[in-house]
Amino acid sequence: MAAVQAFSPAAAGEAAPVLLDVDGVTLRYKTPGAVVTATERVSFQVGVSDRFVLLGPSGCGKSTLLKAVGGYMRPSEGRITIKGRTVTEPGPDRMMVFQEFDQLLPWKTVLENVMFPLLDARRLGHREAEEKARHYIEKVHLTRAVDSYPHTLSGGMKQRVAIARGMAMEPDILLMDEPFAALDALTRRTCQDELLQLWEETRFTVMFVTHSIAEAIKIGNRILLLSPHPGRVKAEVEGVDTVSPTDGSAGRLEKEIHDMLFSDTGHGA
Amino acid sequence: MAAVQAFSPAAAGEAAPVLLDVDGVTLRYKTPGAVVTATERVSFQVGVSDRFVLLGPSGCGKSTLLKAVGGYMRPSEGRITIKGRTVTEPGPDRMMVFQEFDQLLPWKTVLENVMFPLLDARRLGHREAEEKARHYIEKVHLTRAVDSYPHTLSGGMKQRVAIARGMAMEPDILLMDEPFAALDALTRRTCQDELLQLWEETRFTVMFVTHSIAEAIKIGNRILLLSPHPGRVKAEVEGVDTVSPTDGSAGRLEKEIHDMLFSDTGHGA
Amino acid sequence: MATARILMRSAAGPASGEVERARGLLERAWDNGFVRKTLLVVVLALIWETYGRLLDNPLLFPSFTETLAALADRVADGSLPARAWTSIKVLLMGYAAGVVLAGLLTVLAIGTRLGSDFLETMTAMLSPLPAIALLPLALIWFGLGNGSLVFILIHSVLWPVALNTHSGFRAVSQTLRMVGRNYGLKGFAYIRKILIPAAFASILTGLKIGWAFAWRTLVAAELVFGVASGQGGLGWFIFENRNLLEIPAVFAGLLTVITIGLVVENLIFRTIERRTVLRWGTQT
Amino acid sequence: MATARILMRSAAGPASGEVERARGLLERAWDNGFVRKTLLVVVLALIWETYGRLLDNPLLFPSFTETLAALADRVADGSLPARAWTSIKVLLMGYAAGVVLAGLLTVLAIGTRLGSDFLETMTAMLSPLPAIALLPLALIWFGLGNGSLVFILIHSVLWPVALNTHSGFRAVSQTLRMVGRNYGLKGFAYIRKILIPAAFASILTGLKIGWAFAWRTLVAAELVFGVASGQGGLGWFIFENRNLLEIPAVFAGLLTVITIGLVVENLIFRTIERRTVLRWGTQT
Amino acid sequence: QTKTEISLSRQLGILYLPTHVIEKRKLIESEAQKLGLSGVTTSWVSFSSSSAQQDALISGNVDIINTGTGPLLLMWDRTRGAVKGIVASSAQPNLLVSRDPRIKTLADFQPGDKIAVPTVKVSTQAILLQMAAAKMFGPDKWNHFDTLTVQMGHADALVAMRNAGHEIKNHFGAPPFQHYALKDVPGAHVVTTSAEIIGGPLSQGQFFTTTKFADANPKIIQAVRNAAAEAKAFIENNPKEAVAIYKEVTSDKTPAEDLLALLAQPGMSEWSLQPQGTMKFAAHLHMTGALKTMPASWKDYYLPVAHDLAGN
Ligand SMILES: Nc1ncnc2c1ncn2[C@@H]1O[C@H](COP(=O)(O)OP(=O)(O)OP(=O)(O)O)[C@@H](O)[C@H]1O
Ligand SMILES: Nc1ncnc2c1ncn2[C@@H]1O[C@H](COP(=O)(O)OP(=O)(O)OP(=O)(O)O)[C@@H](O)[C@H]1O
Ligand SMILES: [Mg+2]
Ligand SMILES: [Mg+2]
């Protein structure tokens, strides 16, 4: 059973060397009418090779946080640093899998979409890029659609292309925003397994947003729980990779997190 | 425990009077390059007040089937009839919640988006429409965003607006394409409960696409299992509403369906 | 460590007010689009003045101040405002008619395949024709006078507006179309309530181009076409002064056109943009 | 019935080949855009012919056959093709230069806030100015000859192309922008690899409008402007024949412009469209 | 600096026949040669209107232009004498033709009648009407006919005249359009002529240039004058060949005999070098305010090379 403890900075220190440091970050959107605060003073640290999961209610600012780490937004308060350097702009070292279905380039086929960043950002040769792309497209079971344009794909297929694209880049940090939400149970499991296998091979760092507690436990080694809008850090779960689905400890952790989220009354309305 | 039987037409007869009849329907997309068959000779019947769930792997043609029932596509083979009349065009009697995030009208606020079909298709008065809209917006916990434009909403919030819009119309048939996929566990449960409660009140018919077996069992009274691409009917589950989450029968049914899907080798690759 | 641990975090203190970085007056003024644009216009005027003086050929290209003097003169004697007003009246008529016709053609094009062929073919055929080519027909149909001018204005507004509107309609996402038809919207209601707002950015571009070309055409048409009687508009003003070699007055007329263009862009089109596509997030 | 039941369905038999409904030759021909458009053009020609005959005033509006006869004449003696070729050469130069300049301005406008102000202000100011207003400047800078014509052509191509391109860029979805920047694309590479394809429908519309207006301007400019030497282009051809009261030849010149427009639209723009936006599903 | 490559403007038409002859027979080149200036070449640029020619002259893109009296006076005035005439080349009459049986004289025009002129208010024809009005109704009523005038190109106006149903029934034109109208429009008759209004011929085409060019190239100027004289003589002595040259330059398809007949019409062979009627024209323009300085004599706006002529 997971131990519920009061947070102490020392406890976090045992993890791998810090790669990403989010320190007291407040993120705001300025709209013509008003200023919307998406997250408020969020702090956490992600170590090298962490599989860091963000879990929280809809609209609490998970995507916004991911975008800030991706370099698309500047915090109005606090600082985001990667390897000690402040994040100022996006870059291919932080490959992003977005939540939206329209993240594929409509003018490129599935293969070209996966190959494009390999050629352009990773500067692979054409043959190598194509090989790698085909490899990952196969992993997400899209071989039959390899020459299709995105607008002829189903929602889930589009997301799988984006996943393949992200994984094929084998980046230092992979930022994934609910990548498997549009997938059926079976495909989802395959994709989760592929992701974990890739991690075994290359030990990249991944920041992963999900709505499913079970998925969070399966994918992550650490989970950050966010409170409803505006998102603040509510709790952090460590050592998630020590639980196992076979001995029931995973189920117990899932129930604990579940109860913790559901007991909360402040649902963002 | 659910009984696995060979399909006999007589067994299906016990349901409510047939509202929607999908008979040997093949759906194809013509693209410049090739013709893609999305579903092949799919037949099923949905009775009045059924909560009919489509379950199947990504890309098997669930959305396509829903679009055909919605009247957006003509079958290349077979026939779709509603109350005996062939479906030829879309209409507000079949409100649709799409899978895509861009289904809200960007030039309308959340409130206006929900009100628009009420005013326009259901011809409610302005006050009545606004009242109803606010009511359903509250149900999906979006009261704070009622005057926001869609582009300032998170993915899950957008989908909730679409759900509120669909429910507020209180249509004869509600067609929902993975409406809760982008929602966190808690919000998802609230929305599921709202849907079921609305169903208790108005007994509309709902066709529901989902990837989650648990959700299918929670929402549906009947489940149609589709095989991978091109989608064909694999099995149908009846009397889903007789199982209960408390006595473990729901869990058993979930496992059965799960095994059935996962044992399948023909994953659409 | 063999078990997972949940570490509770105490909620952070109440957020402080946003830390507005102190910013200088200059920097803030620079943030204001109006200030920037005004500056830009001033710089352009300075360049004009300098170039005009260096060239020192007022019969060809007067300096900005000479032009301003002529402008003041002609505004004071009332001739320029009267001419401008005459032009604007005709222009608005032609513009409105052109936009309405473009709307009709596009509605037809969206509704039927033949309509779409028709629009495409007509645009490809007619839009490269210069106004002067339509003159004989205009004369037959509308005689001398504003009727013909309006006809020619329509010719220059219709095609760009129709092309942009049609292309905008065709780019509306499949999902939005399906939503509209789901509501049972059809025909004109569908176009008005779904396609037009969804394609608004494109339509606005068409309207801007149409506006600009209406001016061009009006000035040029009054030149070829003259004025039936009465005093004529800005185009005539320019032409007459050109013939009288009152070049600063010619440039005063052109400056009037420029000024009207700036005012319309910044007061009308910008405002529409701010209230629509920018607010909706369909354009940044 | 107290328990859920899973009813297995035997797989349906192998799907039969697609049941193509038997369709008549006519219907299939009608489905072909080319056939439909050809028919449309034929109908328009018939209307022209009929109206021309009814009007019975070849000095004002010759019939289609009279025009064709004049066309055949002028093609046979080689004058019309030579004139058309002269025009097309200048046109292509001006068009290319205008498009390149529009690209530069838009790149500037996308890159910096000041660039965007500049583009907006310049467009609002300059695009309503008629070509004739630029004549004195063109004469100073480029003298008589093709230089000035190209300059004036640029003026009519630049603004619509820039406006449409800029508006298209501004309408590119936030997600696609983020994807592009995620790849580390910046500056020109970002524009070329992300913005241009994403805004291609809009750019294409701008190119079409620019093309049409380039023709208009060329014909009108040759008319106001005259020809430096040699024989001049189509515009001069039209002007000359008009003065000589060879009205069928005037219309033959216009018909040439129309034909070139049709050919360019259907062979070039349509093909580009089919290979890009239609294939990508960004336009229907 | 002396130039040997001279560019000149031309407008196409029978009015400009001397320029076409000069161009085709290379008269300037040969006259310059005679004056001891060898290697002179000319290039001729076509223009459709006089204002384009003015721009070309001011911007230095052509050296010598050939167009009407109005533009010459205005350019002389606005440039404060920096542009001056060389010699005139044609002074053919403008005819006001009407096909309205009611209109016999200028006095018959009523409000609502329409007179087509090439350019309202500023063309030679429009100014002639103003001069007539000033004579008929008094100097302050000079713009009496302005409201009746309608702007139409010569060709368009002729088309209108030929159309029985057209609202334009009167055209103050130029050769050859006015003669075509008289020939084939039923009931067409002359209401008045430029000669009647001015009391003599009015120069239509004249060469002019900048004084700067003239000062730098006195021999060229002399050559132009000589060439004009020679062209006059050539047209008078060889009308057939002149007409052939005209047809070649303009690609006019009118039969040669018709053109010869046209040249035989009264006043149509007026190719004199001396300016005619220009001072009256100037006086009127000065009265209306278009001309800011009133020249004391026609010699003010003509180069000394023409001062020996009997101009007016
Ligand atoms: N472009 C924007 N402009 C203004 N407000 C925005 C914008 N994008 C998001 N927001 C607001 O910021 C908050 C957080 O949004 P975010 O997309 O980060 O949520 P999320 O946690 O990803 O939710 P979901 O799970 O539904 O995707 C929301 O309240 C939303 O309304
Ligand atoms: N517009 C289209 N043009 C061509 N093919 C299409 C189009 N839309 C879908 N398809 C194809 O039809 C098949 C079924 O697509 P559909 O969207 O119905 O799948 P789905 O079951 O909804 O999948 P998902 O769960 O991923 O949303 C897919 O193979 C897809 O490639
Ligand atoms: Mg999100
Ligand atoms: Mg789907």
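The values are calculated or read from the model by the stated rules, or taken from the named source; none is laboratory data. What you see is a predicted model, and the numbers here were worked out from it, not measured in a lab. Here the Cβ is made from the backbone with ideal geometry for all residues, glycine too, and neighbour counts use every protein chain on show. Heavy atoms of the whole protein, side chains included, go into the accessibility calculation; ligands, DNA and RNA do not. Shrake-Rupley method; radii C 1.70, N 1.55, O 1.52, S 1.80 Å.
Annotations
- Some residue of the stretch D:189-200 being within 20 Å of C:Pro160 (Cα to Cα), modelled with pLDDT of 90 or more and in the same structural domain as D:Ser127 (by TED's automatic domain parsing): yes
- All of C:Met93, C:Met125 fail the test of being within 30 Å of E:Gly153 (Cβ to Cβ), within 10 Å of chain D (Cβ to nearest Cβ) and within 24 Å of the chain's Cα centre (by Cα), apart from C:Met125.
- Residue check, A:Thr202 under 30 Å from A:Glu138 (Cα atoms) and either within 16 Å of ligand 1 (Cβ to nearest atom) or open to solvent by less than 10 Å² (accessible area, probe 1.4 Å) (or both): no
- Answer residue from the stretch D:150-184, given it is in contact with a Phe, Trp or Tyr (Cβ under 6 Å, 6 or more places away or on another chain) and more than 22 Å from C:Val277 (Cβ to Cβ) and is surrounded by the fewest Cβ atoms within 10 Å (Cβ to Cβ) among those: D:Phe151
- Some residue of the stretch D:232-253 being modelled with pLDDT of 90 or more, surrounded by fewer than 24 Cβ atoms within 10 Å (Cβ to Cβ) and within 7 Å of another protein chain (Cβ to nearest Cβ): no
- Lone qualifier among B:Ser63, B:Ser58 - being more than 16 Å from ligand 1 (Cβ to nearest atom), facing chain A (nearest Cβ under 8 Å) and part of a loop (DSSP other than H, G, I, E, B): B:Ser58
- Extreme residue, nearest to B:His151 (Cα to Cα), among residues of the stretch C:194-212 that are more than 7 Å from every other protein chain (Cβ to nearest Cβ) and open to solvent by 10 Å² or more (accessible area, probe 1.4 Å): C:Ala198
- From the options A:Arg160, A:Arg122, A:Arg127, A:Arg144, residue that is open to solvent by 10 Å² or more (accessible area, probe 1.4 Å) and in contact (Cβ under 8 Å) with a residue 12 or more places away in the chain: A:Arg122
- Which listed residue is among the polar types (S, T, N, Q), modelled with pLDDT under 90 and crowded, with 22+ Cβ neighbours inside 10 Å, from A:Ser8, A:Ser58: A:Ser58
- Any hit, the stretch C:128-149, residues being in contact with a Gly (Cβ under 7 Å, 6 or more places away or on another chain) and either open to solvent by 30 Å² or more (accessible area, probe 1.4 Å) or assigned to a loop (DSSP other than H, G, I, E, B) (or both): yes
- All positions within the stretch E:191-213 that are open to solvent by 10 Å² or more (accessible area, probe 1.4 Å) and either within 15 Å of E:Met268 (Cα to Cα) or not in a loop (DSSP other than H, G, I, E, B) (or both): E:Val191, E:Thr193, E:Ala195, E:Glu196, E:Ile197, E:Gly200, E:Pro201, E:Gln204, E:Thr210, E:Thr211, E:Lys212, E:Phe213
- Test for A:Phe101: is it within 16 Å of ligand 2 (Cβ to nearest atom) and either among the aliphatic types (A, V, I, L, M) or touching a residue at least 24 places away in the same chain (Cβ under 8 Å) (or both): yes
- Residue list for the stretch A:220-238, restricted to those being within 18 Å of the chain's Cα centre (by Cα) and in a loop (DSSP other than H, G, I, E, B): A:Gly220, A:Asn221, A:Ser227, A:Arg232
- Restricting attention to the stretch A:29-55 and to residues that are within 19 Å of the chain's Cα centre (by Cα) and charged (D, E, K, R), the residue that is surrounded by the fewest Cβ atoms within 10 Å (Cβ to Cβ) turns out to be A:Asp50.
For (1) more than 15 Å from the chain's Cα centre (by Cα); (2) within 23 Å of B:Leu54 (Cα to Cα); (3) within 16 Å of ligand 4 (Cβ to nearest atom), each residue gets a yes or a no:
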residue: A:Tyr136; (1), (2), (3): yes, no, no
residue: A:Gln159; (1), (2), (3): no, yes, yes
residue: A:Ala162; (1), (2), (3): no, no, yes
residue: A:Arg165; (1), (2), (3): no, no, no
residue: A:Ile173; (1), (2), (3): no, no, no
residue: A:Arg189; (1), (2), (3): yes, yes, no
residue: A:Glu215; (1), (2), (3): no, yes, no
residue: A:Lys218; (1), (2), (3): no, no, no
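- All positions within the stretch E:80-128 that are more than 13 Å from chain C (Cβ to nearest Cβ), under 16 Å from the mean Cα position of the chain (by Cα) and more than 21 Å from E:Gln274 (Cα to Cα): E:Leu95, E:Leu96
- Residue in the stretch A:175-187 that is nearest to ligand 4 (Cβ to nearest atom), counting only those that are at the interface with another protein chain (Cβ under 8 Å from one of its Cβ atoms) and of a type in the set (A, V, I, L, M): A:Ala182
- Pairs are defined by a Cβ separation below 6 Å, a sequence spacing of at least 6 or placement on different chains, a first member in the stretch A:23-38 that is assigned to a strand (DSSP E or B), and a second member that is among the basic types (Lys, Arg) and at pLDDT 90 or above; the pairs so defined are A:Asp23/A:Arg79; A:Gly24/A:Arg41; A:Thr26/A:Arg41; A:Val35/A:Arg28; A:Thr37/A:Arg28.
- Only one of the numbered conditions (1) closer than 24 Å to B:Tyr29 by Cα; (2) at pLDDT below 90 is not met by A:Arg123, and that is (1).
- Residues that are among the aliphatic types (A, V, I, L, M) and touching a residue at least 24 places away in the same chain (Cβ under 8 Å) were ranked within the stretch C:40-61; the one that is most open to solvent (accessible area, probe 1.4 Å) is C:Val41.
- Consider the stretch A:189-211 and keep the residues that are within 14 Å of chain B (Cβ to nearest Cβ) and free of Cβ contacts under 8 Å to residues at least 12 places away in the same chain. The one that is farthest from A:Arg94 (Cα to Cα) is A:Arg189.
- Test: residue in the stretch A:184-195 that is away from ligand 1 (no atom under 16 Å from the Cβ), in a loop (DSSP other than H, G, I, E, B) and in contact with a Cys (Cβ under 9 Å, 6 or more places away or on another chain): yes
- Taking the stretch B:160-178 as the range and being under 16 Å from B:Val110 (Cβ atoms) and either part of a loop (DSSP other than H, G, I, E, B) or in contact with a strand residue (DSSP E or B) (Cβ under 8 Å, 6 or more places away or on another chain) (or both) as the test, the residues that pass are B:Ala162, B:Ile163, B:Arg165, B:Gly166, B:Met167, B:Met169.
- Selection within the stretch A:67-112 - within 16 Å of ligand 3 (Cβ to nearest atom), in a helix (DSSP H, G or I) and acidic (Asp, Glu): A:Asp102
- For A:Leu226, the stated conditions hold: it is within 12 Å of chain B (Cβ to nearest Cβ) and in contact with a helix residue (DSSP H, G or I) (Cβ under 8 Å, 6 or more places away or on another chain).
- Among residues of the stretch E:54-73, those that are in a helix (DSSP H, G or I), aliphatic (A, V, I, L, M) and open to solvent by less than 10 Å² (accessible area, probe 1.4 Å), counted: 4
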